[in-house]
Amino acid sequence: MNQTGTGPAVTTARPGRTDLGRRVAARRQDLGFTREELGRRCGADATYIDYVEEHAAAPALASLVRLADALGTTVAELTGVRTEYPPGRATAALDAELIPLPEEECRQLLSTHGIGRIAVFTPNGPAIVPVNYTVDEETVAFRTSDDAVLARAAGAEAAFEVDRIDEVTRRGWSVLAVGELAAVTNTHELQRFDALARSEPWAGGERTHWMKVTPTRVTGRRVVNR
């Protein structure tokens, strides 16, 4: 899946609105509840539900439990904390549609950083490895160890994929960038990537060998609910 939104149904979140608020609103609308009805079900009022949905609210655990119970879901699903389960287990939306994303939006989504997957061919067959990555203009860069499979694949064509899945709203997007995988040896580039890195590699260990992919092709798609 590779994506970005173009129409009103794919607009970005309102300023101040959080993922929690977006998930509460989506679940409430799926169930056909008004804010007043949801408030009655969880012992609150419509003003509180409005605040949770539209602002950067941080409800106490007890309030989250009541909200989740009223919405027939769990706190983990509302807050997005379901690391023990693979995404995509929820039932698909009836009005779901897969739309292609323009390249400009793909590159914007790609530049949000985080964790992506790099795919390469090796003597033992294809390999796909998750990596913490950063973006500098059009270049995707990540760190690995000197003797890792990705370091040994320098000079080969690689595919880099990043996605975001929302289990509650049943929406998501993915972006695929294809280009040559290369080791970073230029001192200026190394310093630049070190400065841009948002975190150390989650895998730990001695991972100071920078690799980069400068995409020659970037595509994407998004799942939207019409």
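The values are calculated or read from the model by the stated rules, or taken from the named source; none is laboratory data. Remember, it's a predicted structure, so these values are computed and weren't measured experimentally. Neighbour counts are summed over all protein chains in view; Cβ atoms, including those assigned to glycine, are modelled from backbone coordinates with ideal geometry. Just so you know, the surface numbers come from the protein's heavy atoms only, side chains and all, with ligands and any DNA or RNA stripped out. Shrake-Rupley method; radii C 1.70, N 1.55, O 1.52, S 1.80 Å.
Quick notes on this structure:
- Of the criteria (1) at pLDDT 90 or above; (2) surrounded by fewer than 19 Cβ atoms within 10 Å (Cβ to Cβ); (3) among the hydroxyl-bearing types (Ser, Thr, Tyr), which one Thr112 fails: (1)
- Note on segment 19-40: among residues that are surrounded by fewer than 18 Cβ atoms within 10 Å (Cβ to Cβ) and touching a helix residue (DSSP H, G or I) at 6+ places or on another chain (Cβ under 9 Å), the one that is modelled with the lowest pLDDT is Asp19.
- Residues that are at pLDDT 85 or above, among the aliphatic types (A, V, I, L, M) and within 29 Å of Asp19 (Cβ to Cβ), drawn from segment 163-185: Val175, Leu176, Ala177
- Leu78 vs. criteria under 17 Å from the mean Cα position of the chain (by Cα), aliphatic (A, V, I, L, M), under 18 Å from Ala197 (Cα atoms) and not in a strand (DSSP E or B): no
- Residue in segment 56-75 that is surrounded by the fewest Cβ atoms within 10 Å (Cβ to Cβ), counting only those that are part of a loop (DSSP other than H, G, I, E, B) and either at pLDDT below 90 or aromatic (Phe, Trp, Tyr) (or both): Ala60
- Of residues in segment 93-117 being assigned to a loop (DSSP other than H, G, I, E, B) and not hydroxyl-bearing (Ser, Thr, Tyr), the one nearest to Gln191 (Cα to Cα): His113
- In the set (1) modelled with pLDDT under 85; (2) open to solvent by 30 Å² or more (accessible area, probe 1.4 Å); (3) farther than 30 Å from Ala62 by Cβ, the condition left unmet by Pro86 is number (3).
- When residues of segment 130-155 are limited to those that are without any contact (Cβ under 8 Å) to a residue 40 or more places away in the chain and more than 25 Å from Arg221 (Cβ to Cβ), the one surrounded by the most Cβ atoms within 10 Å (Cβ to Cβ): Ala153
- For segment 129-137, the count of residues that are of a type in the set (D, E, K, R) and over 17 Å from the mean Cα position of the chain (by Cα) is at least one.
- In summary, strands (runs of 3 or more DSSP E) completely within segment 118-226 and bearing 1 or more residues that are within 30 Å of Leu31 (Cα to Cα) and of a type in the set (S, T, N, Q) occur at 171-183, 209-225.
- Of everything in segment 186-214 that is modelled with pLDDT of 90 or more and of a type in the set (Ser, Thr, Tyr), the residue that is most open to solvent (accessible area, probe 1.4 Å) is Thr187.
- Of all residues making up segment 215-226, the number that are open to solvent by 50 Å² or more (accessible area, probe 1.4 Å), over 18 Å from the mean Cα position of the chain (by Cα) and either of a type outside the set (Lys, Arg) or under 19 Å from Pro130 (Cα atoms) (or both): 1
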